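Visitor: My structure is below; once you've seen it, I'll send some questions.
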Amino acid sequence: MESFLEVTDTVYLSLHQKDTILPDTKGKTLHKERETVGKPFVENPRMTCREVNVYYGEKRAINDVSIDIAHNEVIAMIGPSGCGKSTFLRCLNRMNDTVEGCRVTGDIRLDGMDIHDKSVDVVPLRARIGMVFQKPNPFPKSIFDNIAYGPKIHGLAQNKSELNEIVETSLHKAGLWNEVKDRLQQPGTGLSGGQQQRLCIARAIAVSPEVILMDEPCSALDPIATAKIEELIAELCEQYSIVIVTHSMQQAARVSQRTAYFHLGDLIEVGRTDRVFTNPSHQLTEDYITGRFG
Amino acid sequence: MDNPANKQTIDRVNKGLSRRYRAERRFRIFGASAILLALSFLVLLFSSIFSTGYKAFQQTFIQIDIFFDPAEFTRENLSTANFPGLIKSSLSVMFPEVTSRGDRKDLYYLISPGASFQLMDVLKENTALIGTTRKIWVPANDDVDMLYKGNIDRTRPESERRINDNQLTWLDKLSAEGRVKKRFNSSFFTSGDSREPELAGIWGATRGSFYTLLITLSLSFPMGVAAAVYLEEFAPKNRWTDIIEVNINNLAAVPSIVYGLLGLAVFINFFGIPRSTPLVGGLVLTMMTLPIIIIASRASLKSVPPSIREAALGIGASKMQMVAHHVLPLALPGMLTGTIIGMAHALGETAPLLMIGMVAFIVDVPHGITDAATVLPVQIFLWSDSPERAFMERTSAAIMVLLAFLFLMNAAAVFLRKRFEIKW
Ligand SMILES: Nc1ncnc2c1ncn2[C@@H]1O[C@H](COP(=O)(O)OP(=O)(O)OP(=O)(O)O)[C@@H](O)[C@H]1O
Ligand SMILES: [Mg+2]
């Protein structure tokens, strides 16, 4: 429980230190059908999304969503089940390309580079925008190979010792090193659920991404493992931008600086987390937060 | 529990309970008896095959005294010398009382015509024997063999048995001298087919099967796996791939003889590949096993959890890397199992091979994929069709050998699956 308190403290502190997040205004967005209230845009963004639409066949799952992701921030995406959080998250590293019948329109940029541009290769793109999935999905290989795989295929290590170093630093960053340093050659699938999820985070870190996307990373974990991951997220945002989808509003409040609320494919409200949770501007957000539906 | 409505429900549930248990018991009895029936058929099959087949692994031999006359046999003429005459003269020496032409013919009949080749081999191996007299065991004729294995009844009237009274007396005399013996029938495992049952062996057919399966495996496994990987991982899911999928399933159900006719028309008549060869047999069996392997491989690719694919793509593996590094290793055990089952299928296949001439009577053991050959199941078919009583037990013995290979292959499938299965 002590570490738990620590987590909230760190988040609280970092929340007030962040100055890249602009104060909330009632500025309008490019939204056509339903306006996004709050402040979806930031100065000097890492990623920008403008009028993103996603279709599954004929069905539209995301409507004209525009939002920015700042440097070194944790942004939480909340909303009722089926509202398109995962779908939107997967747009950011073009994982939707692999989904049969899925079509994405709109403009998504990473550091000003259009990720849908013909000249952009998805393979290095996905190395720059890492992803952690809802269910821990380590490869059925050794812990070492799990982490080393990404650096190997991208040619990030010149030799064996460099590779060892990458593996060690990634595991350190993911807070897993002390638990697994004696069993690097054992299968990654033999770890506990929480350890597996941290292994997946370490695997994503190993290719030095700029953005890490997390889709409900703690939903399969117990509170202690969850607290560890949250602690980790707070540390990781020093170096990376993190987009996290979560069903737990407490979690969103604990780890994120900004929160985006989705509803039926629309982005309803974006704002500083403390503001969104204490004083939501949109009726739908308030209903969701106060538990009237969702 | 005080609630009467609650109690009523429980009563009702309890009433239905015994009926449910009865249904379950009934189902179990059905299942168990079905398995029992299947097992008893299996036992029946095996016991009937084994009870006749095991005898073929023994063969009756007769010991005769042979004088290699230096006047007739020299180092130079061994390949052309008159070995059949040597056996006849040796027998005449051992049975001087047999003089009439007909009786002599009956006497010579006791020894297998293959004995002269055996003598030739003996002499070629050791030319020092020239000029000496040796006691040599030579194979008896199949009818003699049958007599000693109890398949010819001595008490029947002479006209109804294939060994006449004279021959019986001679054999009894030989037996009394300890010159008749049953020995392990090694030639069954080392020689090709023959018109004489005592000389016929399965080595030719085994090699034929081996070469044929080699062709089948080396073509159908890579092609099947590649097709499955393409269809499952790369091909867009549209009407065309649906049509292809349906047709692959159809191909798996096409009667095998149709493949034989197709092979005859395409490979032999059009491409001019020599008939009766393992090459053309392997091509035909490839067509037949390909759909089986594709279907099995696709099933095992489908069973690889999508989370592994996401994980690989999520850290920037290309599609090819995802397949080669993560999906294939996980799918491989299933693919291997499917392939081995397909191969076992091909090993037992007869009908299509009849169409492409692998049913020919071939004495020579094949030494390559373009030598005329036959395969084990066709050999079984050929022998089961032969009138000689001795071929019957050889048929069963050949079936035993075929079954042994099938068991081995299935065991290999289980072993490979266990060996390469990746535990979660
Ligand atoms: N592969 C797909 N094909 C068709 N429709 C899909 C597909 N994936 C998602 N959808 C639809 O898109 C909508 C958004 O789904 P999405 O998975 O993004 O929701 P979510 O917000 O992540 O929900 P949850 O919180 O339950 O994970 C849903 O209505 C869903 O039915
Ligand atoms: Mg989701």
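Visitor: Which value in nm describes the separation of the simple spin-label points at residue B:363 and residue B:121, placed 7 Å from the Cα toward the beta carbon?
Guide: Inter-label distance under the simple model: 1.4 nm.
Visitor: Please compute, for peptide B:306-313, the average count of beta-carbon atoms on other protein chains lying within 10 Å of each residue's beta-carbon.
Guide: 6
Visitor: Continuing with this model, one more query. For region B:155-271, what is the charge dipole size about the Cα centre, in debye to the nearest 20, if Lys and Arg each add +1 at the Cβ and Asp and Glu each add -1 at the Cβ?
Guide: Roughly 420 debye for region B:155-271.
Visitor: Give a residue-ordered list of calculated ³J(HN,Hα) values for region B:389-406 (Karplus: 6.51 cos²θ - 1.76 cosθ + 1.60, θ = phi - 60°; whole Hz; x for Gly, Pro).
Guide: 4, 5, 6, 4, 5, 5, 4, 5, 5, 5, 4, 4, 5, 4, 4, 4, 5, 4
Visitor: Ok, one more. Of the beta bridges DSSP finds with both residues in the protein assembly as shown, what % are antiparallel, to the nearest 5? Walk me through the numbers before you get to the answer.
Guide: On the way: 38 of 57 bridges.
Percent antiparallel among DSSP bridges in the protein assembly as shown is about 65.
Visitor: Where q = 0.09, 0.12 Å⁻¹, what log10 of I(q)/I(0) comes from the Debye formula for chain A, counting one point per Cα?
Guide: -0.42, -0.76
Visitor: While we're looking at this one, here's another question. Assuming R0 = 60 Å, can you tell me the calculated FRET efficiency for the pair residue A:97 and residue B:104, based on Cβ-Cβ distance, to the nearest 0.05?
Guide: On the way: r = 90 Å, r/R0 = 1.50.
Efficiency, rounded to the nearest 0.05: 0.10.
Visitor: Next up: Can you classify region B:203-420 as rounded, prolate or oblate using the Cα gyration tensor, where a ≥ b ≥ c are the square roots of its eigenvalues, rounded means a/c under 1.5, and otherwise it's prolate if a/b beats b/c and oblate if not? If you can, show how the numbers build up before the last one.
Guide: Numbers: a/c = 2.72, a/b = 1.90, b/c = 1.43.
It comes out prolate by the Cα gyration axes.
Visitor: Now for a different question. Just checking the output field for A:135-142: average partner chain Cβ neighbours within 10 Å of each residue's Cβ?
Guide: Details: counts 3, 2, 9, 4, 9, 8, 4, 0.
So the per-residue partner count for this stretch is 5.
Visitor: Charges at C-beta only: +1 for Lys and Arg, -1 for Asp and Glu. How large is the resulting dipole of the protein assembly as shown about its Cα centre, in Debye rounded to 20?
Guide: Details: 76 positive and 75 negative charges, 321 e Å.
In total the dipole reaches around 1540 debye.
Visitor: Right, something else. Spin-label point model (7 Å from Cα, Cβ direction): what's the residue B:303 to residue B:169 distance in nm?
Guide: 7.2 nm
Visitor: I've got another one for you. Kindly rank B:277-288, B:71-82 from highest to lowest mean number of other beta carbons found within 10 Å of each residue. If you can, show how the numbers build up before the last one.
Guide: Numbers: B:277-288: 26.1, B:71-82: 11.9.
Most protected by this proxy first, the peptides run B:277-288, B:71-82.
Visitor: Still on this model: Using a Förster radius of 25 Å, what is the FRET efficiency between residue B:182 and residue B:408 based on their Cβ-Cβ separation? Nearest 0.05, please.
Guide: Numbers: r = 28 Å, r/R0 = 1.12.
The computed FRET efficiency comes out at 0.35.
Visitor: Hey, another quick one. Work out the charge dipole of the protein assembly as shown with +1 on the Cβ of Lys and Arg and -1 on the Cβ of Asp and Glu about the Cα centre, then indicate which of B:255, A:280, A:77 is farthest towards its positive end.
Guide: It is B:255.
Visitor: Stretch residue B:389-residue B:79 to full length: gain in nm at 0.36 nm per residue minus the Cα-Cα span?
Guide: Details: separation 310, 0.36 × 310 = 111.60 nm, distance 3.24 nm.
Separation in residues times 0.36 nm, less the Cα-Cα distance, equals 108.4 nm.
Visitor: Moving on to the next point. Along Cα→Cβ, 7 Å out, is where each label goes; now give me the distance between the ones at residue B:41 and residue B:135 in nm to one decimal.
Guide: Modelled inter-label distance: 5.3 nm.
Visitor: How long is the gain from residue B:27 to residue B:266 if the chain were fully straight, where each residue apart is worth 0.36 nm and the alpha carbon distance is subtracted? Can you show the working numbers first?
Guide: Details: separation 239, 0.36 × 239 = 86.04 nm, distance 5.08 nm.
Between residue B:27 and residue B:266, full extension yields 81.0 nm more.
Visitor: How large is the dipole of region B:94-134 about the Cα centre if only Lys and Arg carry +1 and Asp and Glu carry -1, each at its Cβ, rounded to the nearest 20 debye?
Guide: Details: 5 positive and 5 negative charges, 20 e Å.
Charge dipole, region B:94-134, about its Cα centre: 100 debye, nearest 20.
Visitor: Here's a follow-up. Rounded, prolate or oblate: which one fits region B:60-184, using the alpha carbon gyration tensor with axes a ≥ b ≥ c (rounded when a/c is under 1.5, else prolate when a/b beats b/c, else oblate)? All intermediate terms of the calculation are to be shown ahead of the outcome.
Guide: Details: a/c = 2.32, a/b = 1.87, b/c = 1.24.
Prolate shape, in that a/c is at least 1.5 and a/b is the bigger ratio.
Visitor: Turning to a different aspect of this structure: So what J values fall out for region B:103-117 if you push phi through Karplus, 6.51 cos²θ - 1.76 cosθ + 1.60 with θ = phi - 60°, rounded to Hz, Gly and Pro as x?
Guide: The phi angles translate into 5, 4, 4, 4, 5, 4, 4, 5, 9, 5, x, x, 4, 5, 5 Hz.
Visitor: Taking the Cα atoms only, what angle lies between the long axis of helix A:143-154 and the longest principal axis of chain A, rounded to 10 degrees?
Guide: Relative to chain A, helix A:143-154 is tipped by roughly 70 degrees.
Visitor: Return the FRET efficiency for the residue pair residue A:134, residue B:243: r is the Cβ-Cβ distance, R0 is 35 Å, and the value is rounded to the nearest 0.05.
Guide: Working: r = 36 Å, r/R0 = 1.02.
It comes to 0.45.
Visitor: I'd like the Karplus ³J(HN,Hα) series for region A:122-139: coefficients 6.51, -1.76, 1.60, θ = phi - 60°, whole numbers in Hz, and an x wherever there's a Gly or Pro.
Guide: 5, 5, x, 4, 6, 6, 7, 10, x, 9, 10, 9, 4, 8, x, 10, x, 5
Visitor: Using only the alpha-carbon atoms, how far is helix B:239-253 inclined from the longest principal axis of chain B? Give it as 0 to 90 degrees, nearest 10.
Guide: Tilt of helix B:239-253: around 30 degrees.
Visitor: What order do you get for A:103-110, A:164-171 when each peptide is scored by the mean count of other beta carbon atoms within 10 Å, highest first? Don't jump to the answer; show the numbers that get you there.
Guide: On the way: A:103-110: 17.0, A:164-171: 19.1.
Per-residue Cβ counts within 10 Å, averaged per peptide and sorted highest first, yield A:164-171, A:103-110.
Visitor: Let me ask something else. Taking every DSSP beta bridge that has both residues in chain A, what percent is antiparallel when rounded to the nearest 5?
Guide: 55 percent
Visitor: How much length, in nm to one decimal, is gained on full extension between residue B:12 and residue B:72, taken as 0.36 nm per residue of separation minus their Cα-Cα distance?
Guide: Details: separation 60, 0.36 × 60 = 21.60 nm, distance 10.22 nm.
Net length gain for the segment: 11.4 nm.
Visitor: For every helix of n ≥ 4 consecutive DSSP H residues, a contribution of -39,500 (n - 2.57) applies; sum these over the protein assembly as shown, divide by its total residues, and give [θ] at 222 nm rounded to the nearest 500 deg cm²/dmol. List each step's numbers first, then the result.
Guide: Numbers: 27 runs with 363 residues, N = 718.
Result for the protein assembly as shown: -16000 deg cm²/dmol, rounded to the nearest 500.
Visitor: Once the dipole of chain B is set up with Lys and Arg at +1 and Asp and Glu at -1 on Cβ about the Cα centre, which of B:80, B:118, B:304 lies farthest towards its positive end?
Guide: Selected residue: B:304.
Every number here is computed from the coordinates shown, using simple stated rules; none is lab data. Just so it is clear, the structure is predicted and the values come from calculations on it, not from any experiment. Please note: Cβ atoms are built from the backbone with ideal geometry, for glycine as well, and neighbour counts cover all protein chains shown.
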